[in-house]
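To keep things clear, I will list the structure first and then write my remarks on it.
Derivation of every value follows stated rules applied to the coordinates shown; laboratory data play no part. Treat the numbers as computed from the prediction; the structure is a model and nothing was measured. Here the Cβ is made from the backbone with ideal geometry for all residues, glycine too, and neighbour counts use every protein chain on show.
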Amino acid sequence: MNFNVRGAVINNIHNMDNQELQGLIEDSIGGEEKILPGLGVLFEVIWKNSSLENRNVMIDTLHDKLSQIQ
């Protein structure tokens, strides 16, 4: 069975307002791992719609925080 995760996630959230999106993200962080692909789709949308400068900030933040994990 072939399941389109991107399409399903976008279909489920495309009508959410800002507060609902924030709640979804906050509830998903630290939640069940089955939700992680959905966060990946959200990150993909952010990445594709970010400037090079903002992308560099995200990469720097990820690198900095991940390097602190022992």
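Residues of segment 41-64 being within 15 Å of residue 21 (Cβ to Cβ) and assigned to a helix (DSSP H, G or I), which ones? Selection gives 41, 42, 43, 44, 45, 46. Just one of (1) surrounded by 12 or more Cβ atoms within 10 Å (Cβ to Cβ); (2) free of Cβ contacts under 8 Å to residues at least 12 places away in the same chain fails for residue 30. It is (1). Look at segment 38-51: where a residue is without any contact (Cβ under 8 Å) to a residue 24 or more places away in the chain and surrounded by 13 or more Cβ atoms within 10 Å (Cβ to Cβ) and a partner is part of a loop (DSSP other than H, G, I, E, B) and not charged (D, E, K, R), sitting 6+ places away or on another chain with Cβ atoms under 8 Å, you get 39/29. Taking segment 1-26 as the range and being surrounded by 11 or more Cβ atoms within 10 Å (Cβ to Cβ), of a type outside the set (S, T, N, Q) and not in a loop (DSSP other than H, G, I, E, B) as the test, the residues that pass are 5, 6, 8, 9, 10, 13, 20, 21, 23, 24, 25.
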